1. Which ones in the range 214-225 are at pLDDT below 95 and surrounded by 13 or more Cβ atoms within 10 Å (Cβ to Cβ)?
2. Among the candidates 250, 228, which residue alone is surrounded by fewer than 17 Cβ atoms within 10 Å (Cβ to Cβ), touching a strand residue (DSSP E or B) at 6+ places or on another chain (Cβ under 8 Å) and in contact (Cβ under 8 Å) with a residue 12 or more places away in the chain?
3. Report yes if residue 196 is in contact (Cβ under 8 Å) with a residue 60 or more places away in the chain, out of contact with any helix residue (DSSP H, G or I) (no Cβ under 6 Å at 6 or more places or on another chain) and over 20 Å from residue 53 (Cα atoms), otherwise no.
4. State whether the residues of the range 442-455 include one that is over 25 Å from the mean Cα position of the chain (by Cα), modelled with pLDDT of 95 or more and part of a strand (DSSP E or B).
5. Which residues, taken from the range 527-551, are in contact with a strand residue (DSSP E or B) (Cβ under 6 Å, 6 or more places away or on another chain) and free of Cβ contacts under 8 Å to residues at least 40 places away in the same chain?
6. Hey, among 173, 155, 183, which residue is in contact (Cβ under 8 Å) with a residue 40 or more places away in the chain and in contact with a helix residue (DSSP H, G or I) (Cβ under 9 Å, 6 or more places away or on another chain)?
7. Against the definition (out of contact with any helix residue (DSSP H, G or I) (no Cβ under 9 Å at 6 or more places or on another chain), modelled with pLDDT under 95, buried (at least 17 other Cβ atoms within 10 Å of the Cβ) and more than 29 Å from residue 357 (Cα to Cα)), how does residue 309 come out, yes or no?
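The values are calculated or read from the model by the stated rules, or taken from the named source; none is laboratory data. Only a predicted model underlies this, so the values are computations on that prediction, with no experimental measurement involved. Cβ sites come from the backbone with ideal geometry, for glycine too, and all protein chains shown count toward neighbours.
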């Protein structure tokens, strides 16, 4: 699909602008889901932070196992490919890109659980074109955790390995026939416990640094150790040019410090049940990041998001959600089912922590411990280092939210004990860290944003989404993230009110007015149907033009909606212009094109982006759009 967007102010900006200074308020780029006809599934909950690709577009993964794409400005997201048929169902790592000149391939790894009682599950490494299309399986893996790292022509990844405790593998991206090279096989942990690889990064020194979890078992389950010195995981490093002979454990965590998240279908029955009950949504890993000061930073929390319980007295054991994973210290339902008293967890570090250590494994310190509630709880997902700080997210905590506030309805706050914490964004200012002889004197920590999905404690309504899953740093220096749930409401094709399915956001300086028009697919044959969708952010009073007479497009339009198109052969353009509702006003707009039976158009997602995000449109389109906007500006001034 070839898309043409415009914004009069954007077109007049000079080139070579300096990189923006990061602000701490997230701009919602898209809320997945939305009004669609019955046969369109739409994009589901995002499960990992998005990748900003070389073409300037964002690419993510949703819980339907779709690769989806969106612009780097507020608008729609749309599905590109379904990975289910390629054997991918659970993915815990973002897409990565081979950024070498004339390459641009995207890579993703995941697995499909075969059976509750299978010892090891199959998985695959998949390559996609630079526009997120044409997936191709490259090599088979054993339950990969989705974490991939690219360094020049080498790709590194992690899976469970044939022995079930983890394998670090490498692959030559230039090889005619892709094959795996095992760099290191992880051994079993203390007392034969399973070891579960988490996040891994490439350090500035060329070494790989990662974290692993020791599977100690579910809290209060038979055989689970709750001694404070119980080993719970490691930080390690390895020189990829040397392999196992260079492998070094930098630090071993204990339950006193906290746990590294784990999910495994191997081991005793409780472990398998906890993995099966999670539905793949709790495969959110712990990661490392290297700060500008050369130190490694990471996070700790609870190990598994399930707790042991029972259905009725004398019946078999069941598993229930661990409230701490949602920032709560006690369950709100099934109160009589848990075998333990609140917080239903047997470790001292209830809400998680941020730690720091040197790349050589020295000077380890717990920098900050989260306190729950407004202080944040359960840090997970990828971290990023930018502008002299470390940024991360917590699954819970940050700000009290009143829950479901339906647009257009009066806001009635629920009772105080029903208010919830929806997740938080935090930072560590490296320049403010102070460590003395007695330990950490200043941690540089700041809780900078609490996500609200509905009404906050004062009744203000905002739809950030809830349950953030970590962050990604784009090559443009901007930070991107996702929320697993929420994002507002819409009326579906049956006329029912329905909640959106998660959000994608960017940390931005100021709010921006935008209009987005998309057509999926952008190329159809005569007689086929395409879906036109439009949405606005801080813009209203919209007028549509173009299309085909009688197709229902031209004229005044609501701020968002959809339309099915089945025109005759030809090329068609659908334009939407709206008034900005931000201070200063002005017009913003977007144009999308549809080719019907036109074989000479560029297919797939080879797109050119104009306005609402940059680029240089052809002179004839620019002139036409400027005339439209100028006429609308004069009309607005007269009104």
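1. Matches in the range 214-225: 215, 216, 217, 218, 219, 220, 221, 224, 225.
2. One residue alone meets the criteria, 228.
3. yes
4. Yes, the range 442-455 has at least one match.
5. Of everything in the range 527-551, those that are in contact with a strand residue (DSSP E or B) (Cβ under 6 Å, 6 or more places away or on another chain) and free of Cβ contacts under 8 Å to residues at least 40 places away in the same chain turn out to be 529, 541, 542, 544, 547.
6. Sole residue among the options that is in contact (Cβ under 8 Å) with a residue 40 or more places away in the chain and in contact with a helix residue (DSSP H, G or I) (Cβ under 9 Å, 6 or more places away or on another chain): 183.
7. Yes, satisfied.
Conditions tested, residue by residue: (1) closer than 21 Å to residue 321 by Cβ; (2) surrounded by 20 or more Cβ atoms within 10 Å (Cβ to Cβ); (3) within 29 Å of the chain's Cα centre (by Cα).
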residue: 335; (1), (2), (3): yes, no, no
residue: 340; (1), (2), (3): yes, no, no
residue: 347; (1), (2), (3): yes, yes, yes
residue: 350; (1), (2), (3): yes, no, yes
residue: 353; (1), (2), (3): no, no, yes
residue: 358; (1), (2), (3): no, no, yes
residue: 366; (1), (2), (3): no, no, yes
residue: 370; (1), (2), (3): yes, yes, yes
residue: 374; (1), (2), (3): no, no, yes
